[in-house]
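Notes for the one structure printed next.
The values are calculated or read from the model by the stated rules, or taken from the named source; none is laboratory data. Nothing here was measured: the structure is a model prediction, and the numbers come from that model. Every residue, glycine as well, gets a Cβ built from its backbone with ideal geometry; the counts of neighbours run over all protein chains shown.
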Amino acid sequence: MVEIEPGQGEGWYLALATGKKSVIRITEGSISMRYKFAAIIIATMLPFSLPVFAQTAAKPQTAAPSASSAQAASHDLSGVWVQQYLTNSWSVSDPYGHEIEDGTPYQPQALTKLKSEIPLKGPNATEDRNKSTDPVVKYCDPPGIPRELLYPRPFKIFQTPYEVVMIFEDSHMWREIFMDGRPLPKDPDFTWFGYSVGKWEGSTLVVNTVGVKDTTWLDQVGRPHSDALHITERYRRVDHDSLQLDVTFDDPKMYGKPWSGQKVFRFRPLYDMRESICTVDKATAKPAKGIY
């Protein structure tokens, strides 16, 4: 119930509502009765409208996640990763490298070269490091890509808009993947990790690499490659703690057709990268034992 009554002298009116009182002044000579009535209504409503406005303004504004923010999250591969299960080969049918002829589409020269190697893993393995033909064991050579990803030591991914950098705990080596849209070189310099360019296809980072030295092995059992090797890696974060890598090898000089492998890496957010260096024993001039 609202009561209107004169008060505080001529031209003042009081609007009383639910026990609260609002005072307004309306002079007869300056405003018509129609506006007088409207002013009274406003005064009557003020006790209700102000608390409601205060409550409305106090509510936090929460924006719905945008498509761009969701995409940014799916493109975040940064952090430390380590192979989920320690394997020696990229072969899907024989990931531990127990067999040489496991369905891999070798060219004759590739199979001959593989059988001539003496690794520390696989069916031709030796326990005598002095007899091994593995260039990593003999000379402390970098394993290169993609063999480096089979090592039991972790790697860390750093990302910028222009490149992705992979830092390997093994010998503190690093690899650049250019993300600025440049093409692969037609005549690359041959290096341990090759020349890599990447792009995003949805939530998958696709990396193409050429120019890997043909003295490196593809895996721990000694699978060879030539200077024509083209590697395609597809990295996808299948959940927060799992990074899936699908890799395809295209090397017509060594393999009859492209073939593929897959590995899963686990996220290690609390892991501190350590120093691991392959050194040469000064007494024997050979790589020190126990490094690899």
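Okay, here's what the table says:
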{"item": "Flag for Ala73 being in contact (Cβ under 8 Å) with a residue 40 or more places away in the chain, assigned by TED's automatic domain parsing to the domain that holds Asp272 and of a type in the set (A, V, I, L, M)", "result": "no"}
{"item": "Residue satisfying all of: in segment 259-284; closer than 17 Å to Glu148 by Cβ and at pLDDT below 95; surrounded by the most Cβ atoms within 10 Å (Cβ to Cβ) among these", "result": "Cys278"}
{"item": "Lone qualifier among Asp239, Asp219 - being touching a residue at least 40 places away in the same chain (Cβ under 8 Å) and either touching a helix residue (DSSP H, G or I) at 6+ places or on another chain (Cβ under 9 Å) or loosely packed, with under 14 Cβ neighbours inside 10 Å (or both)", "result": "Asp219"}
{"item": "Residue within segment 228-242 that is at pLDDT 95 or above, in contact with a Lys or Arg (Cβ under 6 Å, 6 or more places away or on another chain) and not charged (D, E, K, R) present", "result": "yes"}
{"item": "Any chance Thr112 is in contact with a helix residue (DSSP H, G or I) (Cβ under 9 Å, 6 or more places away or on another chain) and not basic (Lys, Arg)", "result": "no"}
{"item": "When residues of segment 189-207 are limited to those that are of a type outside the set (Val, Ile, Thr) and part of a strand (DSSP E or B), the one nearest to the chain's Cα centre (by Cα)", "result": "Leu205"}
{"item": "Answer residue from segment 222-236, given it is of a type in the set (Ser, Thr, Tyr) and surrounded by fewer than 18 Cβ atoms within 10 Å (Cβ to Cβ) and is farthest from Gly202 (Cα to Cα) among those", "result": "Ser226"}
